[in-house]
């Protein structure tokens, strides 16, 4: 599925169709409709630092000019979508209440991944 807006299922209709028919509730995600909402609450410094460390450790090339030009909203959502993390981590980021929470989760997941990688390499030596 490719969606335009997040929602919760308010009610599901009984149907004989091979697909679900629901009544969406957008209330919990109303801020998603306001472009740039919550950008000022994102700790961009921590986010970019986590990205830098993760990229260096995994030999990922980053166009830092593009990072500098990107809005916080574009940066957070882009990194969440393009990150090499698993489905559970990506789903958790998708379900984050707001942009700030998504950014914090992205930083935390990156740090946990780095710790796991460091722990794994220590066991090899």
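Which is surrounded by 10 or more Cβ atoms within 10 Å (Cβ to Cβ) and either at pLDDT 90 or above or in contact with a strand residue (DSSP E or B) (Cβ under 8 Å, 6 or more places away or on another chain) (or both), of 116, 102? First the steps, then the outcome.
Values: 116 fails: either at pLDDT 90 or above or in contact with a strand residue (DSSP E or B) (Cβ under 8 Å, 6 or more places away or on another chain) (or both).
Residue meeting the stated conditions: 102.
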* Structure fact -> The correct count of residues that are in contact (Cβ under 8 Å) with a residue 60 or more places away in the chain, touching a helix residue (DSSP H, G or I) at 6+ places or on another chain (Cβ under 7 Å) and either outside the structural domain of residue 103 (by TED's automatic domain parsing) or under 18 Å from residue 95 (Cα atoms) (or both) in segment 10-44 is 4
* Asked: Do you know which residues across segment 1-46 are exposed (fewer than 13 other Cβ atoms within 10 Å of the Cβ), over 18 Å from the mean Cα position of the chain (by Cα) and in a loop (DSSP other than H, G, I, E, B)?
  -> 13, 14, 15, 16, 17, 18, 19, 20, 21
* **Scope segment 62-73; condition modelled with pLDDT of 95 or more and part of a helix (DSSP H, G or I); matching residues** => 64, 65, 66, 67, 68, 69, 72
* To do: Identify the residue in segment 47-61 that is at negative phi and not in a helix (DSSP H, G or I) and, among all such residues, is surrounded by the fewest Cβ atoms within 10 Å (Cβ to Cβ).
  => 61
* To do: Could you tell me whether residue 5 is outside the structural domain of residue 109 (by TED's automatic domain parsing) and within 22 Å of residue 103 (Cβ to Cβ)?
  => yes
* Asked: Among (1) in contact (Cβ under 8 Å) with a residue 12 or more places away in the chain; (2) in the same structural domain as residue 106 (by TED's automatic domain parsing); (3) over 16 Å from the mean Cα position of the chain (by Cα), which single condition is residue 71 missing?
  -> (3)
* Asked: Could we say that residue 66 is farther than 30 Å from residue 7 by Cβ, surrounded by 11 or more Cβ atoms within 10 Å (Cβ to Cβ), outside the structural domain of residue 28 (by TED's automatic domain parsing) and free of Cβ contacts under 8 Å to residues at least 40 places away in the same chain here?
  -> yes
* Which number in (1) assigned by TED's automatic domain parsing to the domain that holds residue 68; (2) touching a strand residue (DSSP E or B) at 6+ places or on another chain (Cβ under 6 Å) marks the one condition that residue 47 misses? -> (2)
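Does residue 92 fit the bill of being more than 24 Å from residue 32 (Cα to Cα), part of a helix (DSSP H, G or I) and within 15 Å of the chain's Cα centre (by Cα)?
Numbers: more than 24 Å from residue 32 (Cα to Cα): no; part of a helix (DSSP H, G or I): yes; within 15 Å of the chain's Cα centre (by Cα): yes.
The answer is no for residue 92.
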* To do: Could you pull out the residue among 105, 81 that is in a helix (DSSP H, G or I) and touching a residue at least 12 places away in the same chain (Cβ under 8 Å)?
  => 105
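The values are calculated or read from the model by the stated rules, or taken from the named source; none is laboratory data. Values in this document were obtained by computation on a predicted structure and should not be read as measured data. With ideal geometry, Cβ positions are generated from the backbone for all residues, glycine too; neighbour counts draw on all protein chains shown.
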